Every structure is written in structure tokens, then in C-alpha cells.
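S.K.: Before I ask anything, here is the structure I am working with.
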Amino acid sequence: QVQLVESGGGLVQAGGSLRLSCAASGSIFSINAMGWYRQAPGKQRELVATFTSLSSTYYADSVKGRFTISRDNAKNTVYLQMNSLKSEDTAVYYCNLVQVPRTYWGQGTQVTVSS
């Protein structure tokens with residue numbers, strides 16, 4: 001089993017910044033992907049940013065240029081630096097880790113951007 005613990009969410013004004021952290025622990029052998037999803041009220045969960053096993057990164061078009069994903073491999077931790085936040089970024093942000101054949105999710109952290 002793998003456990004994911006997220007931190008860093010909160011309330012921020014539009015244009016502000018937040019940094020999310022996700023620390024993975026447990027039976028970690030070979031991470032295929034690790035990143036962030038989000039789910040706004042009444043909407044489907046969507047991919048925000050992720051690392052793949054080939055060390056490449058993917059960003060949703062809506063966050064390109066504003067969000068940056070980074071990681072500390074020694075700590076099995078990924079970060080999401082969110083700048084120039086907009087009200088439409090308001091959502092619960094979930095950490096995701098794929099270790100084939102299983103997918104793991106964190107408990108989610110609320111990000112609220114006030115306009």
C-alpha cells in the first residue's frame with residue numbers, strides 16, 4: 001500500500017500564489033506517474049500536472065505558464081507551485097500516484113481563490 005499526504009491548500013485572492021505538497025510513503029517500488037488532479041463543484045476530476053516515468057511533465061492547457069510541478073525524489077514528494085491564481089482554479093486538489101497496476105489518491109486539499 002501507498003499513502004499520499006497532501007498539504008498547502010487554503011484561501012487566496014485572485015492573482016496570488018499557493019504551493020501544494022504531496023508526500024508518498026509505504027510500498028513504493030517504481031512510480032509510473034505522480035502528479036495532481038483537481039475537481040471543482042459539479043465538474044469532473046481533471047488532470048492538472050503530472051510527471052511520467054520518463055521524467056517528462058504534462059500540464060493542462062488552463063494552467064500552463066502559471067503552475068509548475070516539481071519533485072524531490074529522495075523524499076518521494078511532489079510539489080505544485082500555483083501562481084497567478086484565478087477564481088476558476090477553485091477546486092479540491094488531489095495528489096495521484098500510479099504504480100502499475102494500482103492508482104493511489106490523496107485525501108484532497110481545498111484551494112479557494114476569491115475574486
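S.K.: Roughly how many nanometres apart are two label points built 7 Å out from the Cα toward the Cβ at ALA14 and TYR58?
M.R.: 3.0 nm
S.K.: Quick one: Karplus J couplings for segment 20-25, per residue in order, coefficients 6.51, -1.76, 1.60, θ = phi - 60°, nearest Hz, x for Gly and Pro?
M.R.: Result, ordered by residue: 9, 10, 9, 9, 9, 8 Hz.
S.K.: Now for a different question. How much accessible area per residue does the chain have, in Å², with a 1.4 Å probe?
M.R.: Details: 6150 Å² over 115 residues.
Spelled out: the 1.4 Å probe surface of the chain, per residue, equals 53 Å².
S.K.: Report the Cα-based extents of the chain along its three principal axes, largest first, to the nearest Å.
M.R.: 42, 24, 24
S.K.: Report, to the nearest whole %, how much of the accessible area of the chain belongs to carbon and sulfur atoms, 1.4 Å probe, protein only. Don't skip to the answer; put the middle values down first.
M.R.: Values: 2980 of 6150 Å².
Carbon and sulfur atoms account for 48 percent of the accessible area of the chain.
S.K.: What dipole magnitude, in Debye to the nearest 20, does the chain give about its Cα centre under +1 on Lys/Arg Cβ and -1 on Asp/Glu Cβ? Spell out each step's value before the answer.
M.R.: Numbers: 10 positive and 6 negative charges, 10 e Å.
Dipole magnitude for the chain comes out near 40 debye.
The values are calculated or read from the model by the stated rules, or taken from the named source; none is laboratory data. Only a predicted model underlies this, so the values are computations on that prediction, with no experimental measurement involved. Every residue, glycine as well, gets a Cβ built from its backbone with ideal geometry; the counts of neighbours run over all protein chains shown. SASA here: full protein model, heavy atoms, side chains in, ligands and nucleic acids out. Shrake-Rupley method; radii C 1.70, N 1.55, O 1.52, S 1.80 Å.
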